[in-house]
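To start, the structure under review is shown below, and the notes come after it.
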Amino acid sequence: MPAPLPLPTRDGVGPSCVALPPGPWPTIAEFLVQRFAAIPRATWEARMRSGEVVDEHGVPVTETRPYQPRLRIYYYRSLETERRIPFDEVILFQDEQLLAVDKPHFLPVTPVGKYVQESLLVRLKRKLGLDDLAPLHRIDRETAGVVLFSVQPATRGIYHALFAEREIAKHYEAIVPWHGDLALPAVRRSRLVDDSHFMRMREVPGEPNSETHLELLEAGEGWARLLLAPLTGRRHQLRVHCAALGMPICNDAIYPELLPEGDEDFERPLQLLAKGLAFRDPVTGIRREFKSARALSLPLRPKS
């Protein structure tokens, strides 16, 4: 079992950590002020006086404590008041080992950037009082649907192995533009790598490292609802594959073109839903299947 963190979870958020590299700083405080330039020196000093900055052994860091390379420093990250994501998660299942949750669009799974309290993990920790809770996989912030969490650190690795060994069947639904010229069902295999822009992935020639199975569920005037079954779990895999096939997912602001960032439009969620996943529980032997109660609908108007 991993050693307990030197600072407890606070408001559903665990402490942040930074490792001290070799360098010329006379004190730990000087390093922190330089490393995190957006945080004023007075803020660090106040945190230290409050005992909110400690080393990996739980020893408080003071304003004058000498610098010590390779030491790990823990502290609480603080943000300005966050804008609430106006949608709620739904708990689908909970036992001593697992928690299955139906995530809404726009809510990140874990804290990232400006989202800390408004992340699924922190919301759940606060609501359920489960400080050891950890996601077993991720879906994009813009994507809604089923997310599986581990409750117990002791069995976490067993469940992680299910994803690594592709023993969990996952299926998604998506709304895409439709012209009837693509024969479905079909399989898309390609090699995905990081794009020059950190937000994007792209396909390149070479040995495929991603695979998605696509089926037609419903077709209307200019739009279709697809079933997407990824065999692999590359970042943005479904979004890239759909765009590469000439049918980018409705309301996708990244593929095929990265649109300028603006105010978030909660009326236009990405039309991608992690509809369900199924597997045999390696701890209990029970066959598990979790499905999102959310649904995607074809647009009323044809695509112009």
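A few points about this structure:
- Test: residue in region 106-114 that is among the hydroxyl-bearing types (S, T, Y) and in contact with a Lys or Arg (Cβ under 9 Å, 6 or more places away or on another chain): yes
- Scanning region 122-176 for residues that are within 30 Å of P256 (Cα to Cα) and of a type in the set (S, T, Y) gives T143, Y172.
- Per the listing R138, R166, the residue uniquely out of contact with any Cys (no Cβ under 6 Å at 6 or more places or on another chain), surrounded by fewer than 19 Cβ atoms within 10 Å (Cβ to Cβ), touching a residue at least 24 places away in the same chain (Cβ under 8 Å) and within 25 Å of P104 (Cβ to Cβ) is R138.
- The one condition in (1) surrounded by 13 or more Cβ atoms within 10 Å (Cβ to Cβ); (2) more than 18 Å from P153 (Cα to Cα); (3) among the β-branched types (V, I, T) that V59 fails to fulfil: (1)
- Of the candidates R10, R83, R41, the single residue that is surrounded by fewer than 14 Cβ atoms within 10 Å (Cβ to Cβ) and either touching an Asp or Glu at 6+ places or on another chain (Cβ under 8 Å) or at pLDDT 95 or above (or both) is R83.
- Residue among D102, D131 that is assigned by TED's automatic domain parsing to the domain that holds S150, part of a loop (DSSP other than H, G, I, E, B) and acidic (D, E): D131
- Strands (runs of 3 or more DSSP E) contained in region 26-95 and holding at least 2 residues among the basic types (K, R): none
- Answer residue from region 187-226, given it is of a type in the set (D, E) and within 23 Å of the chain's Cα centre (by Cα) and is farthest from P260 (Cα to Cα) among those: E211
- Restricted to region 103-116, and to residues there that are surrounded by fewer than 16 Cβ atoms within 10 Å (Cβ to Cβ) and touching a residue at least 24 places away in the same chain (Cβ under 8 Å), the residue that is nearest to the chain's Cα centre (by Cα) is T110.
- Scan of region 232-248 for residues that are in a loop (DSSP other than H, G, I, E, B) and under 19 Å from the mean Cα position of the chain (by Cα), ordered by number: T232, G233, R234, R235, H236
- Verdict on F266 being in the same structural domain as E96 (by TED's automatic domain parsing), farther than 19 Å from L226 by Cα, touching a residue at least 12 places away in the same chain (Cβ under 8 Å) and not in a loop (DSSP other than H, G, I, E, B): no
- When region 181-220 is filtered for residues that are touching a Leu at 6+ places or on another chain (Cβ under 8 Å) and basic (K, R), the ones remaining, listed by number, are R188, R200, R202.
- Test: residue in region 71-80 that is touching a residue at least 60 places away in the same chain (Cβ under 8 Å) and out of contact with any strand residue (DSSP E or B) (no Cβ under 7 Å at 6 or more places or on another chain): no
- Number of the condition not met by G129 [criteria: (1) of a type outside the set (D, E); (2) under 30 Å from P208 (Cα atoms); (3) without any contact (Cβ under 8 Å) to a residue 40 or more places away in the chain]: (2)
The values are calculated or read from the model by the stated rules, or taken from the named source; none is laboratory data. Every value quoted in this text rests on a predicted model; they were computed, and no experiment measured them. Note: ideal-geometry Cβ built from the backbone for every residue, glycine included; neighbour counts use all protein chains shown.
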